[in-house]
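The values are calculated or read from the model by the stated rules, or taken from the named source; none is laboratory data. Small disclaimer: the values here were computed from a predicted structure and weren't measured. All Cβ positions, glycine included, derive from the backbone under ideal geometry; neighbour counts span all protein chains shown. Just so you know, the surface numbers come from the protein's heavy atoms only, side chains and all, with ligands and any DNA or RNA stripped out. Shrake-Rupley method; radii C 1.70, N 1.55, O 1.52, S 1.80 Å.
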Amino acid sequence: MLRGLALPPLKVLVFILGLFLGLTGLLYVLAQVPNPNSYRFEVLDVVFWAALVFVARRTAIKLPFNAAMSHVFIVALASVTMFPAWLATVLPFLFTFNKDIGKSSYPWYKEVFNRTQSALATGGAALAWWWVQSQGQMWALHPAALDFVGILAASLAYFVVNIFAVTYVIHLSTGTSLRKVWFENFGWLWVSYLVQAPVGLLLAKAYQTPLVGGWGGFTVLFMMLLLYFSRYYWDEKVRLEESFDETIEVLVSALDAKDPFTRLHSERVAAIAQSLAQKAGLDEQDLKRITYAARIHDIGKVAIPDAVLLKPDKLTEEEFKLIKTHPVKGLEVLKPMLDRLPQEVRWVIRHHHERWDGTGYPEGLKGENIPLWARIVSLADAYEAMTAGRAYTRAKTPQEALNEIIMHAGRQFDPQLASFFETLWLEDLIWKDREEFLRRYTLPAHLSALSSPSGSEPASATSPTSSSKRRGPL
């Protein structure tokens, strides 16, 4: 290992090296491929399209798992219909500069991966375009129809190469299953690739058929401007969603702050749930999600009157019935954002008071019919509540709370999770002692870690991370 040079995990490094070698071989093949395009280009044409690649990459949109998307896809498709296959492939490799290049958060190997996979995807698109064009006489298609089939084939090839490379490197760097990465990042993208493929062809045709000032670049710039306006409106939508997310965070914090016994209750439940979920084998992305779910599990209590919620004495039967409605009310409170919340997060909010023996609420689910995430948060919630105490009952010591959980394993709690919890408790993690946690706590991440944006641009690199055990505040 070179001193001072940041390196990714070995398997990620080997994969990136394999992609680079694959690109070298592909360029050799493409150099032998006859140019199917009739456009006679000049140096200034290459400079113009290189500039478009540069700008498109630097206006990328962030995705989950630290991936991103950009308009390079459309520019690349246009270039393969105009330039020789090898040149179209070289352009994204040389000119896709990420705006974060040079920052510690964006290491050199991520830039190499981005450039390499983008060039490979463009090379695949160029091969597909060349093959379709070479079949023109055999298929006896009208030139316009042949171009349309060719651009769809090029789009599909770009999609397959691009998404395979990004999906697999995310899998290697985070341990997230290929299926999860695909469905949560890219499962919706394939239709967008095919739908926007004609835009790339249209850009190329517009460039080759000047409408203003004798230069097609003016038309291309106008069309790209329209694409960036669409991105602006998407960004505004994201900002609105983030504002709603922050409002929820404020409500949760205000809820916990109403009573000294529940101060930072949700944050500590989240810390316990995160440790327990990691022990249960959840991957990095699910750890982020269950942490957030635990943060907002009690959001329904904002709909419960303070006279009941903060009552210093034991609740009456009617008051307890009212309190028991908070899981259902939680989903009602979050109705404007339910379509953004993963199903598992909604299950946590609704089912975190179910019991293993079926005597919980609101549905009386039993055993493994209770969603796993809800079982995890239920145990974390119980431990936090027992060690925090209430006005009408003293707080239990950590040892007493652990004994309660062990005693109720198989009745209130999932016995396997109770066993995991005991193991974690013996490791003296920060959440074990409530007072220590309150002293060292810092605010965790917002829901932005969960958002899955919708768009139509190709994806790029992920930043390899690890889910190491936390021994400090969240």
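Being outside any helix (DSSP H, G or I) and either crowded, with 24+ Cβ neighbours inside 10 Å or on the phi > 0 side of the Ramachandran plot (or both) is the filter here; which residues of the stretch 108-156 pass it? I'd like the intermediate steps shown before the answer.
Narrowing the stretch 108-156 to residues outside any helix (DSSP H, G or I): 135, 140-142.
Selection gives A140 alone.
Here E384 does not qualify as free of Cβ contacts under 8 Å to residues at least 24 places away in the same chain, within 21 Å of Y361 (Cβ to Cβ), of a type in the set (D, E) and open to solvent by less than 60 Å² (accessible area, probe 1.4 Å). Among the residues making up the stretch 324-356, those that are in contact with an Asp or Glu (Cβ under 9 Å, 6 or more places away or on another chain), hydrophobic (A, V, I, L, M, F, W, C) and farther than 14 Å from T291 by Cα are M337, W356. Taking first residues from the stretch 78-104 that are without any contact (Cβ under 8 Å) to a residue 24 or more places away in the chain and partners that are of a type outside the set (D, E) and part of a loop (DSSP other than H, G, I, E, B), the Cβ contacts under 8 Å between residues at least 6 apart in sequence or on separate chains come to D100/Y106.
If you check L221, L201, L211, which single one turns out to be open to solvent by less than 60 Å² (accessible area, probe 1.4 Å), at pLDDT 80 or above, out of contact with any Pro (no Cβ under 9 Å at 6 or more places or on another chain) and more than 30 Å from F15 (Cα to Cα)? None of the others qualify; the one that does is L201. Kindly establish whether R355 is touching a residue at least 12 places away in the same chain (Cβ under 8 Å), more than 25 Å from the chain's Cα centre (by Cα) and open to solvent by 10 Å² or more (accessible area, probe 1.4 Å). For R355, the condition - touching a residue at least 12 places away in the same chain (Cβ under 8 Å), more than 25 Å from the chain's Cα centre (by Cα) and open to solvent by 10 Å² or more (accessible area, probe 1.4 Å) - is met. Scan the stretch 357-370 and give yes if some residue there is assigned to a loop (DSSP other than H, G, I, E, B) and within 20 Å of K288 (Cα to Cα), otherwise no. No; the residues of the stretch 357-370 include none that is assigned to a loop (DSSP other than H, G, I, E, B) and within 20 Å of K288 (Cα to Cα).
Residues that are within 18 Å of W347 (Cα to Cα) and not in a helix (DSSP H, G or I) were ranked within the stretch 284-331; the one that is most open to solvent (accessible area, probe 1.4 Å) is K324. What about T442, is it surrounded by fewer than 17 Cβ atoms within 10 Å (Cβ to Cβ) and at pLDDT below 95? Yes.
Out of K366, K432, K396, I need the residue that is crowded, with 19+ Cβ neighbours inside 10 Å and modelled with pLDDT of 50 or more. Which one?
Numbers: K366 fails: crowded, with 19+ Cβ neighbours inside 10 Å; K396 fails: crowded, with 19+ Cβ neighbours inside 10 Å.
Sole residue among the options that is crowded, with 19+ Cβ neighbours inside 10 Å and modelled with pLDDT of 50 or more: K432.
Just one of (1) hydrophobic (A, V, I, L, M, F, W, C); (2) open to solvent by 10 Å² or more (accessible area, probe 1.4 Å); (3) at pLDDT 90 or above fails for A254. It is (3).
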